[in-house]
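One structure is given here, and the rest of the page talks about it.
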Amino acid sequence: MKTALLILLSVSMAVAVTEIQKSPDSKPKDKRGVSAFGVPGYDIFGGTSAFGSSGWAPVGYAADGWASPDAALGQIQLQATHDIALQALRDLPMGTPSIAYPPEVIRAIQQAKDASRNVLVAQQRVADAKQAAHLQQKIAIAKEANAREAAHRSQEIAAHAIAEARASARQLVASQQRLATLKDAVAAAQRVAAAREAAAAAAIQRTATATAAELKKQDVDKQISISEEEARQKDIVAAKENAIANALQHAAAEKPSYPPWG
């Protein structure tokens, strides 16, 4: 009974796979998913088969993108058939069977086991591929956003740097103009100062000359005044001496000739 069940399940699996392959609604659809990664039927790196080293490899797996509703229904039926076959294989008695199975039955059992194992492996790899694709998508989006932000910041930094450079150039020109103006003002002030210094020196020289002349005149006048005073004093002394001499002569002339005692 179990042998017949296994044969029936194997045939059902083959028919389901064939129906999925022949489904008219299974058309390629451009959807983002794991089908865009690597070669169909191989791992995401395209190096080894995604279904192990056994001879079972689902035809058309991940080759046409996501399946149509009919194909999806067929896959669900195939998965249910696999689950039933796996449960039947688990319910087989341990040890040597009491019935000698033909070689084709043993091969069918082994192929069913391999198929179930390959389905689990394929499902895990699909999940891993989806997770890797999702992670890569997040990384790509983040890098793209970072690139846009970096480009935007670079443009802002460049514009700011250009504006600062232009402002610095304008400030430099203004500073140079102010420096030239100040230099002209300093030169003019130096010329004025030199002229005023020359005028002051000439005035000082004139003042010194006038002062020297005045001092010399005052000295001459003083000498003249002293000489005149000395001459006047001499005249006074001489006049006094003449007056005394005249007085003595007059007194001698008026003196009596008789003795005074007598």
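Given the criteria under 29 Å from the mean Cα position of the chain (by Cα) and modelled with pLDDT of 90 or more, does Arg196 qualify? Break it down into steps so the answer makes sense when it comes.
On the way: under 29 Å from the mean Cα position of the chain (by Cα): no; modelled with pLDDT of 90 or more: yes.
Taking the combined requirement at face value, the residue does not satisfy it.
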Exercise. Can you tell me which residue among Arg125, Arg191 is of a type in the set (D, E, K, R) and in contact (Cβ under 8 Å) with a residue 60 or more places away in the chain?
Key: Arg125
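Ala122 - would you say it is of a type in the set (A, V, I, L, M), at pLDDT 90 or above and either touching a Leu at 6+ places or on another chain (Cβ under 9 Å) or in a helix (DSSP H, G or I) (or both)?
On the way: of a type in the set (A, V, I, L, M): yes; at pLDDT 90 or above: no; either touching a Leu at 6+ places or on another chain (Cβ under 9 Å) or in a helix (DSSP H, G or I) (or both): yes.
In short, no.
The values are calculated or read from the model by the stated rules, or taken from the named source; none is laboratory data. Nothing here was measured: the structure is a model prediction, and the numbers come from that model. Neighbour counts are summed over all protein chains in view; Cβ atoms, including those assigned to glycine, are modelled from backbone coordinates with ideal geometry.
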